[in-house]
Each structure stands twice: as structure tokens, then as C-alpha cells.
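Worksheet: the structure to be examined is printed underneath.
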Amino acid sequence: MLEDVSISNFALIESVSLDFDKGFTVLSGETGAGKSILIGALSFLLGGKGGVEAIRSGAQEAKVSGTFSLDEKNKEPFIWLEEHGIEIEDNRVLIRRFVRLNGKSGAWIQNTPVTRIELAEFSSFLVDIHGQHEHQSLMRVSEHRRFLDSFAGITDEVTAFTNLYSQLVEKRRQLEELCSSDSQRERRMELLNYAISEIEEAKLRPTEEEELIAEENRLSKYEQIFSAIDGVSSMLTGDGVGQEGVSILSTLKKAQSYMNQASGADNTLLSLDNRLESIFYELSDISDEIRSYLQSLVFEPGRLEIVQERLALIFKLKKKYADSVKEPVAKILEYQEKAKIELENLSNNLVNREELTAKVDQLSREVYSAAKKISEKRKVASEKMSQEVENVLSVLGMKDAKFCVSIIEKPETGGGLMQKCGPYGMDDIEFLISANLGSPVKPLAKIASGGEISRVMLALKSILVDSDTVETLVFDEIDTGIGGEISVAVGTHLKKLSKKSQIFCITHVASIAAFADNQIKIAKKTLSDSTVTSVQSISGSSRVEEIARMLSGDSVSEASLEHAESLLAKFGGEENG
């Protein structure tokens, strides 16, 4: 249910905030006052198209926001919100939308930004607008099936069918993957076998490449390394290859001896003596390790070639089995494991294919059987629905209207019986109507008159009142071309419908307005340099005056006031619901 709406700088509306109640609310006002602007603002809020042309002249931005309370019986909006990660409190949701002169626009549900398409999708669970606005579910042929299923009481059965159909689609997809040609499967198995063998023969270790790179570096720079280490050894010990002179260690040994003598005479030098001794032993250690390294440093001419060949093999395997040559060796081994799994699956292909084929056949029979039962129920319900809609349309001033539900079995497309089915069954469903005697029935979407469309929707909503989940209905132009007893009948139907749904209706007809629980007056005012539309709820004497104006035009007379009071007394009470 729509609880409130705030509109700022939209078309001729400068600033309006309204609270709404349950029941039946009419919107009235003089011709050209801007009644449809309010509906246009609501349509904009619900995800309808709206550009910079919607911004009031002189303003920079148009904004509309509204609060909706959600009925827990209608699960669809709750499911949608959960799927989109949007949380609500107290079953209330705030929707906001704006558009600026620079073309920038935005929309939010609660504090979560959404696209216009997402907003329209969500709001379709909340509001139906009927007239010349894009929110009319009646104009979407895809919704006709939902109306019929709701009338037939098979909505849950169709939902169960959709789940069954989804299982069939998934199993068929799996089967198609398995049923790729035998030659393709064999070629794939050969490739996998070759890859597995090639990697196994290489006997790779995860850290091998890093070790080989380090070894290659040592081997390729052997002379440089030997010369440098030999030089260091010679400087430390004086016995390096081709080296002569005093070594660092012997010099340091003498210095340590001198320092030992000095510290014996002056104990303040003990710490320096200890440090010098420590340095001597540390360098002796280093010298021993360097000598050991030199002794192990042996040049093997053939080893460098072996290392480089091994690195080249790893490079080749990476190009074939890793995403990049920069990947570690572990990626090649990972590919090998995946290849083994795929090879095993392909080897089990025939067994899996037989099992899946049997499952697909079973599901196909179940789907077709369920679709047939649903179709039969739809055909029975369609006859009753057509008759009931025609009965209501007759009361609403369309006595010559013919309404029928077209149910056509989906064509077979070469894939067996199941191909005749879709997610909702085997039927293509569309509402057809002839508004005038002798005219052939045509698709409902081709009806030109907004008033006729609104009355057809009122008729449908009247017969679906107990099963329809959309809580808020908006009717525009429903009074086009009617008056007298027909307008009373329209008002009566709207009043009855408002016991189960929140109803908004734009009307020029006093006898329809008199049925309403609430009335909103819309007026256009010309200020010094601009024209604005004002919107306000009216009651008491103000409402009597507005009903009187609707009866007599701009001039309100005593007679029209008395007539207005009598209409309100006659149609406005609870007993008329």
C-alpha cells in the first residue's frame, strides 16, 4: 500500500507532500488542472520513463519519493528485495528517484541504488496503473497468463511446473554436453592422454625451476665467481692462487698480540682486546668457509648445457599447459591433475549419457503430462472468466463488448513433445476483445481508448479480487464516455474493489467521486511569473463544494450543493461498499 508521496519540481508541481489511507481515493479538479501530473509523478517514481522534460520550468531537479507498506501475504516483493540484498524494517520500503537538467538521474530502494529497469521490476509487485501509462500490466501479454492462472486458482501448480521444467532444461543441457560427437570426444581424450604423459615424463618438482635458474647463474659465471672468491681467500690467508703478500689474518693476529700486551698493562683496554680477538676468530671462520667453497667449486662443462635444456623443457611445458610462462611450475602440475579428472569423466561418458538420457525422457513425460493438465484447467477457466468479464463490462457501460481468452498450444520445434512447452506450460495466452457490436475480437493491447482499457482492468480486478497480490491500483480515464447509471456502476465496483485493494482514480464524474473514502483536489494557479499545480486532501464542506463543482461546472449553486450532499449521503457510506 502507498502510504505517502513527496513531489518536488515535477512538471507544474512545485512541492507537494501527501499521506494516503486505505480504501478508495479519487483525484478531481478542473480540466487542465494537472490531475494526470500526479499520476505521471507516481509513474516516474515506479520506474516509468522520465527525462529532463519532467523538471518544472526554472528548477534544476525533479524529485519524487514514496513509502510503501508491504503485505506479508504477497511474497514476491520480499523475495526480490532479499535477492538484491536490500533490507527493510517494519515491512516498509522507501523509494526515491530524481532527474536533473544535466540529464543525470538516479533511483534508490531504501538506501540501495537501483537501475530504472530494476525499479520498474520491483514496483510491478506493488502498483498497477491503468490508463495511458506504461505500468499497465494489462498491456503486457506476458501478464495475461498470470491473470488467467490466478482466476483458475492454479498459480502454485504453475510454479511447481516451472521448477520441474527448469530441471528438464538443466538435464538436457548436461546431456547435450555429453553427446558431443564421438570423434570430438576421442580427440579430446588423446590430447589429455598426451598431456598427462608429457608432464609425467618430465618428472617436475614444484621448486625445480628456481633451483635451476640459480645453478645456471653460477655455472655461466664460474670464472667470475672463482676469481673473486680466490681473491678474498688470498687477502685473508695469503695462500690464494697466484697471490703473494701479507694476509689480513696474519696481520690481525699480530695486532691482537700487541693489544693483548697493552691490555695486560692497562685493563681499560680489555674490551678492545676482546673485540679484536672476536674479529680475528670471525674472520678465521669466514676464511675456512671460503676455502671449503673454493674446494667444492668445480666447473663441469656439460652441466650448464643440461641445466639449460631442463629450463627450456619447463618453458615449453608452461607455454602449453599454463596460462603464462611467468606462472610457477605448480601450474603445470595443476593442469595435469585437472586433465586426469576430465579424462576420467570422458571415460565415464557413455554410462553418464545413458543415465541422463533416461532421466531426460522421464522428465519430458512428466513435464508434458503436467503441462497438459494445466492447459485443460486453463481452458475450463477461460470460458468462465470470459463470461464473468463480459457481465461486469456490461454493467460498466460496455454491453456489446465481447471478451475472450485466446489459448493456443505452442508449436512443436522438432525436439519432441517437451519442445511444445515453456516455463509456464504449453499455452500461449492472450486476451482478446471487441468493444463494439459486430466488430471482430482483437488483441487487448490494440484497444485505443484509455477508458475502455481501464474498465476492462476494473472488470478483471473485480473477478480476481480475492487472488490478486498487487495492493495498489490506479485508474485513469475510467469515466471516459460514461455517465448516469453507468458511472454509478463504475463507482460501485471501485468501492467494492477498495475493500481488498488500495484504489486511486482520476475522475470528472461526481457520482464516481461520491463513492470515495478520500478525495484529493488538484488545482492550477497562475502566479506572477509562473503556473503551479496545487494538491490537497479535502473533506467536509470543501469536499461538498468540489462535488458540486463537478456536477455543475465552475459555478456552484445551492441546487448543486444539495445534490452533492445527497450523493455523498447516498454513496459515501460504508454500506455502499
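The values are calculated or read from the model by the stated rules, or taken from the named source; none is laboratory data. Being a predicted model, the structure only gives us computed values, none of them experimental. Cβ: placed from backbone, ideal geometry, glycine included. Neighbour counts: every protein chain shown. Protein only, heavy atoms only, side chains kept; ligands, DNA and RNA dropped before computing areas. Shrake-Rupley method; radii C 1.70, N 1.55, O 1.52, S 1.80 Å.
Quick notes on this structure:
- Flag if residue 288 is within 37 Å of the chain's Cα centre (by Cα), at pLDDT 85 or above and either surrounded by fewer than 16 Cβ atoms within 10 Å (Cβ to Cβ) or part of a loop (DSSP other than H, G, I, E, B) (or both): no
- Residue under evaluation residue 351, criteria (1) more than 30 Å from residue 235 (Cα to Cα); (2) at pLDDT below 90; (3) of a type in the set (A, V, I, L, M); (4) surrounded by 14 or more Cβ atoms within 10 Å (Cβ to Cβ), criterion not met: (4)
- Pair list, Cβ < 7 Å and 6+ apart or interchain, from the range 553-566 residues that are among the polar types (S, T, N, Q) to residues that are open to solvent by less than 40 Å² (accessible area, probe 1.4 Å): 560/548
- Unique residue being more than 28 Å from the chain's Cα centre (by Cα) and at negative phi when the list is 188, 172, 140, 145: 188
- Of all residues assigned to the range 65-74, none qualifies as being farther than 30 Å from residue 568 by Cβ, surrounded by 18 or more Cβ atoms within 10 Å (Cβ to Cβ), over 25 Å from the mean Cα position of the chain (by Cα) and hydrophobic (A, V, I, L, M, F, W, C).
- Applying the set (1) touching a residue at least 24 places away in the same chain (Cβ under 8 Å); (2) farther than 30 Å from residue 189 by Cα; (3) open to solvent by 90 Å² or more (accessible area, probe 1.4 Å) to residue 305 leaves exactly one unmet item: (1).
- Filter result for residue 117 (under 30 Å from residue 303 (Cβ atoms), β-branched (Val, Ile, Thr), touching a residue at least 40 places away in the same chain (Cβ under 8 Å) and open to solvent by 60 Å² or more (accessible area, probe 1.4 Å)): no
- Condition check for residue 58: over 27 Å from residue 509 (Cα atoms), at pLDDT 85 or above, open to solvent by less than 40 Å² (accessible area, probe 1.4 Å) and of a type outside the set (D, E, K, R): no
- Selected residue (criterion: farthest from residue 205 (Cα to Cα)) from residues of the range 301-332 that are part of a helix (DSSP H, G or I) and touching a Lys or Arg at 6+ places or on another chain (Cβ under 9 Å): 321
- Here the condition is being in a strand (DSSP E or B) and modelled with pLDDT of 90 or more; of 512, 520, it holds for 520 alone.
- Scanning the range 382-408 for residues that are crowded, with 17+ Cβ neighbours inside 10 Å and under 21 Å from residue 420 (Cα atoms) yields 382, 405, 407.
- Scope the range 1-48; condition under 18 Å from residue 98 (Cα atoms) and aromatic (Phe, Trp, Tyr); matching residues: 10, 44
- Selection of the range 349-372 for residues being over 13 Å from residue 175 (Cα atoms) and over 32 Å from the mean Cα position of the chain (by Cα) yields 362, 365, 369, 372.
- Some residue of the range 263-284 being closer than 30 Å to residue 223 by Cβ and in contact (Cβ under 8 Å) with a residue 24 or more places away in the chain: yes
- Taken over the range 359-394, the criterion of being under 20 Å from residue 439 (Cα atoms) and not charged (D, E, K, R) is satisfied by 386, 387, 389, 391, 392, 393, 394.
- Filter result for residue 103 (under 12 Å from the mean Cα position of the chain (by Cα), part of a loop (DSSP other than H, G, I, E, B) and not aliphatic (A, V, I, L, M)): no
- Entry remark, the range 183-227: residues being without any contact (Cβ under 8 Å) to a residue 12 or more places away in the chain, of a type in the set (A, V, I, L, M, F, W, C) and either open to solvent by 80 Å² or more (accessible area, probe 1.4 Å) or touching a helix residue (DSSP H, G or I) at 6+ places or on another chain (Cβ under 7 Å) (or both) number 1 in total.
- Matching residues, the range 485-496, being in contact (Cβ under 8 Å) with a residue 12 or more places away in the chain and open to solvent by 10 Å² or more (accessible area, probe 1.4 Å): 486, 488, 489, 492, 493, 496
- Restricting 428, 361 to those that are at pLDDT 90 or above, in contact with a strand residue (DSSP E or B) (Cβ under 9 Å, 6 or more places away or on another chain) and not hydroxyl-bearing (Ser, Thr, Tyr) reduces the list to 428.
- Condition check for residue 499: open to solvent by 40 Å² or more (accessible area, probe 1.4 Å), within 12 Å of residue 24 (Cα to Cα) and not in a helix (DSSP H, G or I): yes
- Selected residue (only one of 258, 293 is open to solvent by 70 Å² or more (accessible area, probe 1.4 Å) and either of a type in the set (Val, Ile, Thr) or in contact (Cβ under 8 Å) with a residue 60 or more places away in the chain (or both)): 293
- Filtering the range 171-182 to residues that are of a type outside the set (S, T, N, Q) and either in contact with a Lys or Arg (Cβ under 6 Å, 6 or more places away or on another chain) or open to solvent by less than 70 Å² (accessible area, probe 1.4 Å) (or both) leaves 171, 172, 175, 178, 179.
- Residue in the range 542-563 that is among the hydrophobic types (A, V, I, L, M, F, W, C) and surrounded by fewer than 17 Cβ atoms within 10 Å (Cβ to Cβ) present: yes
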